[in-house]
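Following: one structure in structure tokens, then a few remarks.
Read-outs: derived from the displayed coordinates by stated rules, not from any lab. Since the structure is predicted, the reported quantities are computational estimates derived from the model, not experimental observations. Because the Cβ atoms are built from the backbone with ideal geometry, glycine has one as well, and the counts that use them run over all protein chains shown.
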Amino acid sequence: MESRGTKREAGKIEVAEPWNKLPRPAPSLPTDPALYSGPFPFYRRPSELGCFSLDAQRQYHGDARALRYYSPPPTNGQSPNFDLRDGYPDRYQPRDEEVQERLDHLLRWLLEHRGQLEGGPGWLAGAIVTWRGHLTKLLTTPYERQEGWQLAASRFQGTLYLSEVETPAARVQRLTRPPLIRELMYMGYKFEQYMCADKPGVSPDPSGEVNTNVAFCSVLRSRLGNHPLLFSGEVDCTDPQAPSTQPPTCYVELKTSKEMHSPGQWKSFYRHKLLKWWAQSFLPGVPNVVAGFRNPEGFVCSLKTFPTMEMFEYVRNDRDGWNPSVCMNFCAAFLSFAQNTVVQDDPRLVYLFSWEPGGPVTVSEHRDAPHAFLPPWVRSTCKDGGCWEPADSFPAS
Ligand code: GDP
Ligand code: MG
């Protein structure tokens, strides 16, 4: 019987198609926690390479002007009484969330510091560059049951760049955000205003506006397994009284959460919220998260400090808790998956990694708009081989 479709040379023995000619299933990465238990992977102690600030107009400055100073209320036996709804909405300037900044501010920092990076020649070419918030989402993926994500990846001069893409569902959620959720977002920023001062040693001034364009970002170096990392994260404040004044160990992350009354409420807090808090602060090496617990009227009446390195203890003996090893092993597996997928060095080529709860991470390939995210000002500065020299001027980002 003749094989289907093609005529074969007489006498030639028919063999199975070689493996590399078989249609291969599209590669994907599973996210089940059970697959990632195992020893905690190597994670280099994060060190700060530099910082930058974004001002009230969201303009970039290559300095620490937006850094604030931790200034908790005096511990004289009185409990705090912070009205988190004060100033809403009249003293609120929210950032325009329609503006997709992607990696732009971080790329500007990188362009201006490319020549002075530690790690030796070629360190950057082997690194992964992204925002801390994107890595946080990777860390929590094995336990996430609500929100999916999309990460765009491109390789340029060796370096792998990862930039989040808002999912259609997240966009719908953002555009239909209920008024109560909007107010809750404000309240988180208002808490920062009650706890931080513009200068060390002075008291906070909560009378001004809350402007969420303003940000202080730390740029950090670390390594997960064999993946060198350069990432940036927004830092709420520095503690002038911290045992070490060396960043990132002097940094403090501020959070608000609902006041809890029953053991069941605490258990749920440890399982869900503390996982997100841990992932966000562990990555940059921020040692403490200070929580303000708000009552139903929107007042913070109690504060509690959660040392990042002690958060896992709250779920260590909980069968339905989270495990830092799973988070970090999954993140390392994703970074390997991305490194092996994005082979071509081409800033116009984008691999879009997509994940929805319950499924694996899948990949699709794209070229140019709308997904290409390495801006022309980076590429044009680098096209002649004299790459990455600081540009004379920047277009407004
Ligand atoms: P986080 O850990 O999620 O807070 O994010 P990062 O610390 O990695 O923030 C990186 C940059 O993204 C900073 O300039 C932030 O101001 C900005 N950023 C953080 N969250 C959001 C957001 O929800 N939307 C937009 N457009 N930018 C954000
Ligand atoms: Mg915060």
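Remarks
- Of the residues making up the range 113-130, those that are outside any helix (DSSP H, G or I) and either over 24 Å from TYR351 (Cα atoms) or in contact with a Lys or Arg (Cβ under 6 Å, 6 or more places away or on another chain) (or both) are LEU117, GLU118, GLY119, GLY120, PRO121.
- The single condition among (1) under 26 Å from ARG294 (Cβ atoms); (2) within 16 Å of ligand 2 (Cβ to nearest atom) that PRO263 does not satisfy is (2).
- Residue in the range 238-245 that is within 16 Å of ligand 2 (Cβ to nearest atom) and of a type in the set (Asp, Glu) present: yes
- Annotation note: of LEU117, LEU84, the sole residue that is within 16 Å of ligand 2 (Cβ to nearest atom) and not β-branched (Val, Ile, Thr) is LEU84.
- Within the span defined as the range 211-220, every residue fails to be more than 16 Å from ligand 1 (Cβ to nearest atom) and either part of a strand (DSSP E or B) or over 30 Å from HIS105 (Cβ atoms) (or both).
- Qualifying residue in the range 196-204 (condition: in contact (Cβ under 8 Å) with a residue 12 or more places away in the chain, more than 16 Å from ligand 1 (Cβ to nearest atom) and in contact with a helix residue (DSSP H, G or I) (Cβ under 9 Å, 6 or more places away or on another chain)): yes
- Every residue from the range 86-112 that is buried (at least 17 other Cβ atoms within 10 Å of the Cβ) and outside any loop (DSSP other than H, G, I, E, B): TYR92, ASP104, HIS105, LEU106, LEU107, ARG108, TRP109, LEU110, LEU111, GLU112
- When SER232, SER218, SER207 are checked against the criterion of being away from ligand 2 (no atom under 16 Å from the Cβ) and among the small types (Gly, Ala, Ser), a single residue qualifies: SER207.
- The range 131-158: number of residues that are assigned to a strand (DSSP E or B), under 22 Å from SER28 (Cα atoms) and touching a helix residue (DSSP H, G or I) at 6+ places or on another chain (Cβ under 8 Å): 3
- Subset of the range 221-273 [basic (Lys, Arg), away from ligand 1 (no atom under 16 Å from the Cβ) and either under 26 Å from LEU117 (Cα atoms) or part of a helix (DSSP H, G or I) (or both)]: ARG223, LYS267, ARG271
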